Amino acid sequence: MSSTTQRKEPEVKDSKCGFFYGYALVAILGFLYFCSSGIILATATIVNPLMLQDEALGMNATMLGTGFSLFVLVQGISAPLVGALISKFGARFSMTLGAVVLLCAILALIFFVSSPVAYFAVFGVVASAATMMVGQLAVQSTLGSWFVERRGVSMTCMMVIGASSSFIAPPAVNAIMGATGGGWRSGWYLIAALVALAIPVAFFLVKNHPSDIGEIPDGTSGAKVAAKKCDYRFVVYKNKESVPFKQVVRTPTFWLISLAATSGFAAYTLSTSQGVLHFTSLGFDSGLIVAGVALMGAMGLVGKISMGIVSDRIEPIRLIVVAALILVIGIVVGAEASSDAMLLVFYACIGVGFGGVNAVFPTAMANYFGAGSLSKYLGTGIMITTLVASALPIMSGAFFDATGSCALAFYVTAGIVAACAVCGILVRFPARGEGGVRSKEVVGG
């Protein structure tokens, strides 16, 4: 059994100054997400296609897509391992180690990568695993243990901070490459600087659990929590107990939530790996495409805010269904885009849909199964989403090399996302009583 489930909570004392460190941690974790999961794919969307112009690399579209597929696949494969690492040693350790490894990977991209195999190994494998260690899984599972009553809002605020990199990065990276001669290697300078700064932030400022510094979730005093243990009332379903990891992965609901969330990751992976190539082949101006990528980042914030802020009032899994339907619309429009407006609609829908899914997926998991083993089952859920999403870039690259178009891959992805929406609709909830049920009732339901 993990240390998370066995850890004995120490006596909690009221804070003399009345400040809850969880609020500071929202900003700290948001910054770490910004420097890792938030920015790396947004940067790669602009930088990696330029590798096709580097004759020394000998890249084609299939190889380019393979690198993205590896990145997404390794995110999934590494997620359960990272979840176990966090459960055993804490998120602070995982984030610090991950930032060090990620910095080494980015420096290798800048100075040493000179072949497709090196690109696959450094970007597709090492950078991917390191990003998971310092980014999405680490920050989401940590914040899930710091907040219960305000989990949806706090997760949204953290994700908004982190995801702001998705619209800041494209123009910033484009400007850096322009100022340094336009080479793809210089596109990684910004991430190298940010990750170097993330290392001391993770080591000195991250706190794994509220009890580590004598606090409790949501910052409520010990007396108030004791009084509320029997009468917490939530609008959405929130399990007041933590279901053991081995029981979680045996429930159909776990798989349905994970497959529903696959909708956002599949669509975003298609966009980041093939969007630039697809719209360039359709004759769109590169400046407009960069603007579209930036719009996707901005609309991602809209999706995170609009869906995350209501995820304590509307069931998060139902919000994922809404997001998936938005994604289907965007992908179909983008498949045969013939005007600037259609390109922008594609990127706007991908931004809103993926932003919404990414914001409420961990909340949906934590609400349904409790936060005790969140790093483990969220990591396994991420693995499920990425196993599907990782196939899309290489599939799209192969279609493009064979036909000169990514349109068929767009339609296939739209079908996958629609099926994911159905999975979200099939999720049902136990009788809630007064805001939650015992673990055995969830597993049995």
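Residue count for region 51-65, restricted to those that are under 30 Å from the mean Cα position of the chain (by Cα) and among the small types (Gly, Ala, Ser): 2.
Selection of helices (runs of 4 or more DSSP H) fully inside region 1-58 by the criterion of at least 1 residues being open to solvent by 20 Å² or more (accessible area, probe 1.4 Å) and modelled with pLDDT of 85 or more returns 21-35, 37-47.
Conditions tested, residue by residue: (1) under 23 Å from the mean Cα position of the chain (by Cα); (2) open to solvent by 40 Å² or more (accessible area, probe 1.4 Å); (3) free of Cβ contacts under 8 Å to residues at least 60 places away in the same chain.
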{"residue": "Gly144", "(1), (2), (3)": "yes, no, no"}
{"residue": "Val153", "(1), (2), (3)": "yes, yes, no"}
{"residue": "Thr156", "(1), (2), (3)": "yes, no, no"}
{"residue": "Met159", "(1), (2), (3)": "yes, no, no"}
{"residue": "Ser165", "(1), (2), (3)": "yes, no, no"}
{"residue": "Ile176", "(1), (2), (3)": "no, yes, yes"}
{"residue": "Thr180", "(1), (2), (3)": "no, yes, yes"}
{"residue": "Trp184", "(1), (2), (3)": "no, no, no"}
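Residues of region 59-92 that are part of a helix (DSSP H, G or I) and small (Gly, Ala, Ser): Ala61, Gly65, Gly67, Ser69, Gly76, Ser78, Ala79, Gly83, Ala84, Ser87, Ala91. In region 308-323, is there at least one residue being in contact (Cβ under 8 Å) with a residue 40 or more places away in the chain, more than 24 Å from Leu256 (Cβ to Cβ) and acidic (Asp, Glu)? There is no residue in region 308-323 that is in contact (Cβ under 8 Å) with a residue 40 or more places away in the chain, more than 24 Å from Leu256 (Cβ to Cβ) and acidic (Asp, Glu). Evaluation of Phe399 against the conditions (1) of a type outside the set (Asp, Glu); (2) open to solvent by 10 Å² or more (accessible area, probe 1.4 Å); (3) modelled with pLDDT of 90 or more shows that the sole unmet condition is (3). May I ask you to verify whether Thr380 is within 20 Å of the chain's Cα centre (by Cα), surrounded by fewer than 24 Cβ atoms within 10 Å (Cβ to Cβ) and modelled with pLDDT of 90 or more? It is true that Thr380 is within 20 Å of the chain's Cα centre (by Cα), surrounded by fewer than 24 Cβ atoms within 10 Å (Cβ to Cβ) and modelled with pLDDT of 90 or more. If you go through region 77-102 and keep only what is open to solvent by 30 Å² or more (accessible area, probe 1.4 Å), aliphatic (A, V, I, L, M) and touching a residue at least 60 places away in the same chain (Cβ under 8 Å), you end up with Ile77, Leu81, Ala84, Val100. Only residues that are at pLDDT 95 or above and open to solvent by less than 40 Å² (accessible area, probe 1.4 Å): list them for region 419-436, please. Those that are at pLDDT 95 or above and open to solvent by less than 40 Å² (accessible area, probe 1.4 Å): Cys420, Ala421, Cys423, Gly424, Val427. Screening Leu277, Leu327, Leu301 for residues that are closer than 26 Å to Leu426 by Cα, hydrophobic (A, V, I, L, M, F, W, C) and open to solvent by less than 50 Å² (accessible area, probe 1.4 Å) leaves exactly one candidate, Leu327.
Screening Ser286 against (1) buried (at least 24 other Cβ atoms within 10 Å of the Cβ); (2) among the hydroxyl-bearing types (Ser, Thr, Tyr); (3) without any contact (Cβ under 8 Å) to a residue 40 or more places away in the chain leaves a single unmet condition, (1). On the stretch given as region 104-123, residues that are open to solvent by less than 10 Å² (accessible area, probe 1.4 Å) and either farther than 12 Å from Ile40 by Cβ or under 14 Å from the mean Cα position of the chain (by Cα) (or both) total 2.
The values are calculated or read from the model by the stated rules, or taken from the named source; none is laboratory data. This structure is a prediction, so every number in the text was calculated from the model and none was measured. In this analysis, Cβ positions are derived from the backbone assuming ideal geometry, glycine residues included, and neighbour counts consider all displayed protein chains. The protein model used for the area step is the full one, side chains on, heavy atoms only, and it has no ligands, DNA or RNA in it. Shrake-Rupley method; radii C 1.70, N 1.55, O 1.52, S 1.80 Å.
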